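Student: What follows is a single structure, and I will ask about it in a moment.
No value in this document is a laboratory result; all are computed from the given coordinates. Computed from a predicted structure; not experimentally measured. Methodologically, a virtual Cβ is constructed for each residue, glycine included, from the backbone with ideal geometry; neighbour enumeration extends over all protein chains shown.
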There are 2 protein chains.
Amino acid sequence: MKFCSNCAGPVSLTVPPGDHLPRYVCASCGTIHYENPRIIAGCVIEHQGKILLCKRAIEPRYGFWTTPAGFMENGESVQQAAAREAMEEALAHVRLGSMLSIVNVLRAHQVHITFRATLADPSFGIGPESLESRLYAEEEIPWPDIAFLSVEFALRRYLEDRRLGRELLHFRDIDWRDGKPVMTDGPSQ
Amino acid sequence: MKFCSNCAGPVSLTVPPGDHLPRYVCASCGTIHYENPRIIAGCVIEHQGKILLCKRAIEPRYGFWTTPAGFMENGESVQQAAAREAMEEALAHVRLGSMLSIVNVLRAHQVHITFRATLADPSFGIGPESLESRLYAEEEIPWPDIAFLSVEFALRRYLEDRRLGRELLHFRDIDWRDGKPVMTDGPSQ
């Protein structure tokens, strides 16, 4: 951020009075521009015992496989965002179930929220952000080609819970140090 | 938003190619400025059977009572944000427990995430954004003076679960139509 979106004046990083963190503050009109984490909403979709994955047609991680997920929009709920992403990426009309996982991706300033879901009707397809959509049996899942650590976490917890006949909510923090991920799990509930 | 934070050029609301929603797009440098919901993280703090509430010293809802909560910051987890707000608003060092509620506040473009918590040490106080901090027994809670609908929801679910000896996660959407709140609950888990 270089300029004020309110008056076009230059902004600089300073700690506003009464605050404790540096913010982009406009020297001309005084507007404080806060920046906050964004929510990525998605779902693990099961159909006839298999999991629906999409091959990404966009960066980052072009060509890798993911569960449908994307940025939550203003005016929608987290649940609506998760269902919308399933429609956009896999042309899938889903029925959302319980909340599966919440992953804090600290460096990216993101919170990844994933629900369990099933196909509300058996048809699905390939959205504009996908190269391919496919139902995978558990033993077929291409683990080395899963796009994101948060997706792998959600998928593994999903399958583990399914084997154990339970539906818990799982927590993980993902940080990066010296180019390597550092992962910390909270207690599942 | 009137000007581009990257180049100070004028922005206008248009649907970018491949998108489906209007965004603020810069006519000069082409930057697309996305706006997304923000997370409010907080906790219901119990100590010796009572609930810790703070009287707000800031708008909105100056003078009304709330559980500690506030905007999640970049670089922290939802859990860290909830604990930090307890420290800032009530000088309370808390031990977080399970996740209590997630409320989509649609018009405000906010997601309110609330945890259960206890005091890690019995001292607490009055932070700069509070006029007063107090432990309330269940029957003393000043319901008409609770600051926000999402806080009332979290508090009522907390107390109900406590009576029933369980710790569920509860969901609600809050929208506004004709000046009145419209509330829809999802299935607790």
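Student: Restricting the calculation to Cα positions, tell me the Rg (one decimal) and the Dmax (whole number) of segment B:105-189 in Å.
Tutor: Cα-based Rg and Dmax for segment B:105-189 come out at 14.9, 45 Å.
Student: Out of every Cα-Cα pair in segment B:37-116, what percent are more than 16 Å apart?
Tutor: Working: 1580 of 3160 pairs.
That tail contains 50 percent of the Cα-Cα pairs.
Student: Let me ask something else about it. Put a point 7 Å out from Cα along the line to Cβ at A:P22; what are the distances to that point in the other copies, in nm, shortest first?
Tutor: Distances between equivalent label points, in nm: 3.6.
Student: Under a plain spin-label model, where a point goes 7 Å from the Cα along Cα-to-Cβ, how far apart in nm are B:S12 and B:R163?
Tutor: So the two model labels end up 5.8 nm from each other.
Student: How far apart, in nm, are the 7 Å Cα→Cβ label points at B:S98 and B:K180?
Tutor: 3.4 nm
Student: Would you kindly work out, in nm and rounded to one decimal, the distances from the label point of A:G63 to those of the same position in each other copy, ordered shortest first, with label points 7 Å along Cα-to-Cβ?
Tutor: 6.4
Student: What share of Cα pairs, in percent, lie more than 24 angstrom apart in segment B:23-170?
Tutor: Details: 3326 of 10878 pairs.
When every Cα pair of segment B:23-170 is considered, 31 percent fall beyond 24 Å.
Student: Relative contact order for segment A:38-185: what percent, with Cα pairs under 8 Å and sequence separation of 6 or more? Don't skip to the answer; put the middle values down first.
Tutor: Working: 326 pairs, mean separation 42.0, N = 148.
For segment A:38-185, the relative contact order is 28 percent.
Student: Would you mind checking which residues have amide H under 5 Å from A:R23's amide H? H placed 1.01 Å from N; only 5 or more apart, or other chain.
Tutor: A:T14, A:V15
Student: Quick one: Karplus J couplings for segment A:137-146, per residue in order, coefficients 6.51, -1.76, 1.60, θ = phi - 60°, nearest Hz, x for Gly and Pro?
Tutor: Couplings: 5, 3, 6, 9, 4, x, 3, x, 10, 6 Hz.
Student: Something else about it: What average number of partner chain Cβ atoms lie no more than 10 Å from the Cβ of the residues making up B:100-109? The partial results should precede the final answer.
Tutor: Values: counts 0, 0, 6, 1, 8, 1, 5, 2, 1, 5.
Other-chain Cβ atoms within 10 Å of each residue's Cβ, averaged: 3.
Student: Find out how many positive minus negative residues lie around A:T184, taking Lys and Arg as positive, Asp and Glu as negative, among other residues whose Cβ is under 10 Å from that of A:T184. Intermediate values should be presented prior to the final figure.
Tutor: Values: positive: A:R172; negative: A:D173, A:D175, A:D185.
Surrounding charge for A:T184 is -2.
Student: Right, next: Going 7 Å from Cα along the Cα-Cβ axis for the label, what nanometre distances separate A:H109 from the same residue across the other copies?
Tutor: The answer, with the shortest distance listed first, is 1.4 nm.
Student: Separate question: What residues from segment A:48-78 fall in the zone where the backbone N is under 20 Å from a label point 7 Å along the Cα-to-C-beta line of A:S188?
Tutor: A:49-52, A:67
Student: ³J(HN,Hα) across segment B:3-20 via Karplus (A = 6.51, B = -1.76, C = 1.60, θ = phi - 60°), whole Hz, x for Gly/Pro?
Tutor: 10, 6, 6, 8, 10, 6, x, x, 10, 9, 7, 9, 8, x, x, x, 9, 10
Student: Can you pull the three principal axis extents for the Cα set of the protein assembly as shown, in Å, largest first?
Tutor: 57, 56, 51 Å, listed from the longest principal axis down.
Student: List the relative contact order of segment B:100-189 as a percent without decimals, with contacts defined as Cα pairs under 8 Å and 6+ residues apart. Show your work: numbers first, answer last.
Tutor: Details: 96 pairs, mean separation 30.7, N = 90.
About 34 percent, as a whole number.
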